[in-house]
Amino acid sequence: MTRMFVPGPVDVASEVLQAQTKPMVPHRSKDFEALFRSTEERLRKVFFTERPVIQGSHSGSGMQEMGIRNFVDKTVLACVNGSFSERWYEVAVNNGKEADRLDFEWGKAVTPDELADALKKKHYEAVTIVHNETSTGVESPVKELARVVHEVSPDTLILVDAVSSLGGVKIEMDAWGLDFLLTSSQKCFALPPGLSFAAASERAMKKAESVPNRGWYFDILRMEKHRVKDSTPMTPAMSLIYALDVQLDRMLEEGLENRFARHAAMSRRFQEFAIANEMLPLADEPYRSKTVVTVKNAKNWVVGDLNKFLGERGMRIANGYGKLKDITIRIATMGETTMEDVDKLILAMQDFMKL
Ligand SMILES: *Cc1c(COP(=O)(O)O)cnc(C)c1O
């Protein structure tokens, strides 16, 4: 097996993979409903929310679409500081919304001051923010950003994509006052791809009632009507829910605080190695991601060659994303990855440098 230092899909523990081989049951059955309720209850802990968590049988981009279709009638401000935040802007445009973008240089975080200024100039129904820009390895200060939105434009809804951080980094939905928080299964949750999770605040649900054309598949009010009966309007990805059941137990057994500390420590260890070898992180402190370290490819490595070398030792890293493809490299420290794995990767890279 290859240890994937790649920001999704990441390695899945074998007992979690195994859980998917359980036989199907009717999804409208007491057994499945009990399981669906139990995974939902445990997801609330990971989201730090009392609000219900939707378990969607689609990847995280679908949740970006759900956010736009349900909580934006016309106007939305998309904070764009990398590829995934740009995708959310495009999702809004493709759904016919009046989307404005607030651009930041790739590698920089979204800043509270600039967001406040933009909200003073024009009123928006919602803002979209990516907590952890996987394309650049930047974590934006969502707690502070939410605070300025509450101050400057209290009725603007705060929609947050935490696809590559939730479950590996502490994000407190209720305490921070977030209105929609979403993530995918294949990153810090270390599950196979195909599920995504999201929670919406009460006022966001209220707003959805006034938004026309919410569609069918992503209509959050329809989802909620079925969720209260521990069910879904459509057939859920049952095998993945079996896997989620096992993985949530493993995550809570490790302890969420321990899990967050492990992610941060692995990221720090790799950053220290990179800096000592003149491969500077793209992001400045304190905005360096705790789950995907992105460093400048200062040695002009051909990532394919590096991966061939690492592959012989059972490891794989990622090249840069989008326009940063050749000028950065990315090392994901998420999910099942351990400090021992990170140390092995560092040793291998030291050997690669000697070639
Ligand atoms: C991976 C990723 C996405 C896309 O998620 P899918 O599950 O592939 O649809 C969106 N946002 C961020 C920040 C990501 O890292």
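The values are calculated or read from the model by the stated rules, or taken from the named source; none is laboratory data. Note that the structure is a prediction, hence the values are computed from the model and not measured. Here the Cβ is made from the backbone with ideal geometry for all residues, glycine too, and neighbour counts use every protein chain on show. When the accessible area is computed, the model is the full protein with side chains, heavy atoms only, and any ligands, DNA or RNA have been set aside. Shrake-Rupley method; radii C 1.70, N 1.55, O 1.52, S 1.80 Å.
Descriptive notes on the structure:
- For TYR217: the one exception among (1) within 21 Å of GLU125 (Cβ to Cβ); (2) out of contact with any strand residue (DSSP E or B) (no Cβ under 7 Å at 6 or more places or on another chain); (3) open to solvent by 30 Å² or more (accessible area, probe 1.4 Å): (1)
- Only one of PHE36, PHE47 that is over 30 Å from ARG288 (Cα atoms) and aromatic (Phe, Trp, Tyr): PHE36
- Among the residues making up the range 130-154, those that are in contact with a strand residue (DSSP E or B) (Cβ under 7 Å, 6 or more places away or on another chain) and either open to solvent by less than 10 Å² (accessible area, probe 1.4 Å) or near the ligand (Cβ under 10 Å from one of its atoms) (or both) are VAL130, HIS131, ASN132, THR134, THR136, GLY137, SER140, VAL142, LEU145, ALA146, VAL149.
- Only one of the numbered conditions (1) within 13 Å of the ligand (Cβ to nearest atom); (2) touching a Cys at 6+ places or on another chain (Cβ under 8 Å) is violated by PHE104, and that is (1).
- Within the range 155-169, not a single residue is assigned to a helix (DSSP H, G or I), free of Cβ contacts under 8 Å to residues at least 60 places away in the same chain, open to solvent by 10 Å² or more (accessible area, probe 1.4 Å) and out of contact with any Gly (no Cβ under 7 Å at 6 or more places or on another chain).
- Those residues of the range 66-81 which are more than 16 Å from the ligand (Cβ to nearest atom), touching a strand residue (DSSP E or B) at 6+ places or on another chain (Cβ under 6 Å) and outside any helix (DSSP H, G or I), in sequence order: VAL72, LYS74, THR75, VAL76, LEU77
- The residues of the range 192-204 that are within 14 Å of the ligand (Cβ to nearest atom) and crowded, with 24+ Cβ neighbours inside 10 Å, listed by number, are LEU195, SER196, PHE197, ALA198.
- Consider the range 172-191 and keep the residues that are more than 16 Å from the ligand (Cβ to nearest atom) and part of a loop (DSSP other than H, G, I, E, B). The one that is farthest from the chain's Cα centre (by Cα) is GLY177.
- A search for C-beta distances below 9 Å between a residue of the range 119-138 that is assigned by TED's automatic domain parsing to the domain that holds VAL169 and closer than 13 Å to LEU102 by Cα and any residue that is in a loop (DSSP other than H, G, I, E, B) and within 10 Å of the ligand (Cβ to nearest atom), counting only pairs 6+ apart in sequence or on different chains, returns VAL130/GLY82; VAL130/ALA162; VAL130/VAL163; VAL130/SER164.
- Residues (in a loop (DSSP other than H, G, I, E, B), touching a residue at least 40 places away in the same chain (Cβ under 8 Å) and of a type in the set (Ser, Thr, Tyr)) located in the range 22-65: THR49, SER57, SER59
- Scanning the range 192-245 for residues being closer than 24 Å to ALA332 by Cβ and assigned to a helix (DSSP H, G or I) gives a total of 3.
- You will find that of SER165, SER135, SER140, the residue that is under 11 Å from the mean Cα position of the chain (by Cα), more than 18 Å from PHE71 (Cβ to Cβ) and among the polar types (S, T, N, Q) is SER165 and no other.
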